[in-house]
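I have a structure here, written as structure tokens, and I will follow up with some questions on it.
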Amino acid sequence: MKPILLQGHERSITQIKYNREGDLLFSVAKDPIANVWYSVNGERLGTYNGHTGAVWCVDVDWDTKHVLTGSADNSCRLWDCQTGKQLALLETSSAVRTCGFDFSGNIIMFSTDKQMGYQCYLNFFDLRDPQQIEDNQPYVSVPCSESKITSAVWGPLGEFVIAGHENGEINQFSAKSGEVLKKAKEHTKQINDIQSSVDLTMVISASKDCTAKMLDSSTLEHIKTFKTERPVNSAAISPIMDHVVMGGGQEAMEVTTTSTRIGKFEARFFHAAYEEEFGRVKGHFGPINCVAFHPDGKSYSSGGEDGYVRIHYFDPHYFDFELEA
């Protein structure tokens, strides 16, 4: 399993995303440039230039027409995927931490950080209404006064957004009214990442409390827990196997205190049903900040604190592997 190394960022990777077909991989980092790559050979297709600060999040709609990025320069930007042209600029009063298209690609959501005296907000815009974009006026804006949103994904059918908070709570916010539909407090510390399964029926949350948990998207019921000895920065669910991949490491500020050997910067594979670890993949020289499965399940990617994205294609025997119960 020889990885493809993508070198396109000079700062640590913050998020990676495949499009629906999986032919493209989008990566953003703590530098101002968003990159798009061919996932098959790691060739860089192009960049989206315009941000002036670290880019925290990226998303692409289901037909790969538009790309959405949110940045610490207090803006969320919409791009034409093919040409790299900036289509819309939504300015905020604090950094944009998470962003996402709903399934139709018509509604976008993004959340802003609680900083410099500003509250954390979850904003919803309808891209079919140019007036909302022009006036920078979301049709729903939800203040989250208790604890800021650190990660969010759309639920099934675009009815609500599932958001993970700094205090470990997971909430469902209605995309129509903005009210909280359901709450779950499964984690004890901050949630670093939430990703959904390919059919959107389940989400997996990765937390600083050293666990990742699988929850039902619509009821937020707890399904499985995957435990490690260190904070989990990101977790993803395989689209074809009962597998979960997790990436983590230490806090960025503690990295220099341990050697790579014991730094344990591997991607870790768990069996989704038995909650047991069955494999690790080494590679990054620092914590893994984000992981993502290719939509066909035959490869996965990870982005690290070292500024590299690595695409790993699985060996044939991975697909025949069965855990002895």
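Would you check if there is a residue in segment 91-98 being within 16 Å of the chain's Cα centre (by Cα), part of a strand (DSSP E or B) and more than 24 Å from Arg128 (Cβ to Cβ)?
yes
Shifting gears a bit: Quick one: Pro143 ticks every box in (1) part of a strand (DSSP E or B); (2) surrounded by 14 or more Cβ atoms within 10 Å (Cβ to Cβ); (3) not polar (S, T, N, Q) except a single one, so which number is it?
(2)
Taking the condition open to solvent by less than 60 Å² (accessible area, probe 1.4 Å), in a loop (DSSP other than H, G, I, E, B) and either within 20 Å of Asp193 (Cβ to Cβ) or of a type outside the set (Gly, Ala, Ser) (or both), does Ser111 pass?
Spelling it out, it is not the case that Ser111 is open to solvent by less than 60 Å² (accessible area, probe 1.4 Å), in a loop (DSSP other than H, G, I, E, B) and either within 20 Å of Asp193 (Cβ to Cβ) or of a type outside the set (Gly, Ala, Ser) (or both).
State whether one or more residues within segment 66-84 are basic (Lys, Arg) and either in contact with a Phe, Trp or Tyr (Cβ under 7 Å, 6 or more places away or on another chain) or open to solvent by 60 Å² or more (accessible area, probe 1.4 Å) (or both).
Looking through segment 66-84, none of the residues is basic (Lys, Arg) and either in contact with a Phe, Trp or Tyr (Cβ under 7 Å, 6 or more places away or on another chain) or open to solvent by 60 Å² or more (accessible area, probe 1.4 Å) (or both).
For segment 291-314, give me each residue that is open to solvent by less than 10 Å² (accessible area, probe 1.4 Å), assigned to a loop (DSSP other than H, G, I, E, B) and out of contact with any His (no Cβ under 7 Å at 6 or more places or on another chain).
Gly297
Tell me which residues, restricted to segment 93-108, are out of contact with any Cys (no Cβ under 6 Å at 6 or more places or on another chain), among the hydrophobic types (A, V, I, L, M, F, W, C) and open to solvent by less than 10 Å² (accessible area, probe 1.4 Å).
Correct list: Ala95, Ile108.
Further question on the same structure: Of the conditions (1) under 19 Å from Leu200 (Cβ atoms); (2) not in a loop (DSSP other than H, G, I, E, B), Gly105 fails just one. Which one is it?
Of (1) under 19 Å from Leu200 (Cβ atoms); (2) not in a loop (DSSP other than H, G, I, E, B), only one is false for Gly105: (2).
Determine which member of the set Val198, Val153 is closer than 29 Å to Ala88 by Cα, assigned to a loop (DSSP other than H, G, I, E, B) and modelled with pLDDT of 90 or more.
So the residue among Val198, Val153 that is closer than 29 Å to Ala88 by Cα, assigned to a loop (DSSP other than H, G, I, E, B) and modelled with pLDDT of 90 or more is Val198.
Within the set of pairs 6 or more residues apart or between chains, which connect a residue that is on the phi > 0 side of the Ramachandran plot inside segment 12-36 to a residue that is open to solvent by 10 Å² or more (accessible area, probe 1.4 Å) with Cβ atoms less than 7 Å apart?
Cβ pairs passing all conditions: Gly22/His294; Gly22/Pro295; Gly22/Asp296.
Go through the residues of segment 211-222 one by one and say whether even a single one is closer than 23 Å to Ser94 by Cβ and buried (at least 23 other Cβ atoms within 10 Å of the Cβ).
Of the residues in segment 211-222, the ones closer than 23 Å to Ser94 by Cβ are none.
No, every residue in segment 211-222 fails to be closer than 23 Å to Ser94 by Cβ and buried (at least 23 other Cβ atoms within 10 Å of the Cβ).
Of the conditions (1) touching a residue at least 40 places away in the same chain (Cβ under 8 Å); (2) open to solvent by 30 Å² or more (accessible area, probe 1.4 Å); (3) closer than 20 Å to Thr14 by Cα; (4) not polar (S, T, N, Q), Glu166 fails just one. Which one is it?
(1)
Would you mind stating whether Ala88 is open to solvent by less than 20 Å² (accessible area, probe 1.4 Å) and in contact with a helix residue (DSSP H, G or I) (Cβ under 7 Å, 6 or more places away or on another chain)?
On the way: open to solvent by less than 20 Å² (accessible area, probe 1.4 Å): yes; in contact with a helix residue (DSSP H, G or I) (Cβ under 7 Å, 6 or more places away or on another chain): yes.
Yes; evaluated as a whole, the condition is true for this residue.
Mind checking which pairs have a first residue in segment 42-56 that is in contact (Cβ under 8 Å) with a residue 24 or more places away in the chain and among the hydrophobic types (A, V, I, L, M, F, W, C) and a second that is surrounded by 18 or more Cβ atoms within 10 Å (Cβ to Cβ) and outside any loop (DSSP other than H, G, I, E, B), Cβ under 6 Å, 6 or more apart or different chains?
Val55/Val28; Val55/Ala34; Val55/Thr69; Val55/Ser71; Trp56/Thr14; Trp56/Gly70; Trp56/Arg97
Can you name the residue in segment 223-270 that is among the charged types (D, E, K, R) and modelled with pLDDT of 80 or more and is also surrounded by the most Cβ atoms within 10 Å (Cβ to Cβ) among such residues? Outline the logic, then answer.
Looking only at segment 223-270, we keep the residues that are among the charged types (D, E, K, R), and these are 224, 227, 229-230, 242, 251, 254, 261, 264, 266, 268.
After this cut, where a residue has to be modelled with pLDDT of 80 or more as well, the list is 224, 227, 229-230, 242, 266, 268.
Values: Lys224: 17, Lys227: 13, Glu229: 7, Arg230: 16, Asp242: 13, Glu266: 18, Arg268: 23.
Across segment 223-270, the extreme among qualifying residues is Arg268.
Taking segment 37-65, which residues are open to solvent by 20 Å² or more (accessible area, probe 1.4 Å), outside any strand (DSSP E or B), at negative phi and not aliphatic (A, V, I, L, M)?
Within segment 37-65, Asn41, Glu43, Asn49, Thr52, Trp62, Asp63, Lys65 meet the criteria.
The values are calculated or read from the model by the stated rules, or taken from the named source; none is laboratory data. As the structure is a computational prediction, the values presented were derived from the model and not from experiment. Neighbour counts are summed over all protein chains in view; Cβ atoms, including those assigned to glycine, are modelled from backbone coordinates with ideal geometry. When the accessible area is computed, the model is the full protein with side chains, heavy atoms only, and any ligands, DNA or RNA have been set aside. Shrake-Rupley method; radii C 1.70, N 1.55, O 1.52, S 1.80 Å.
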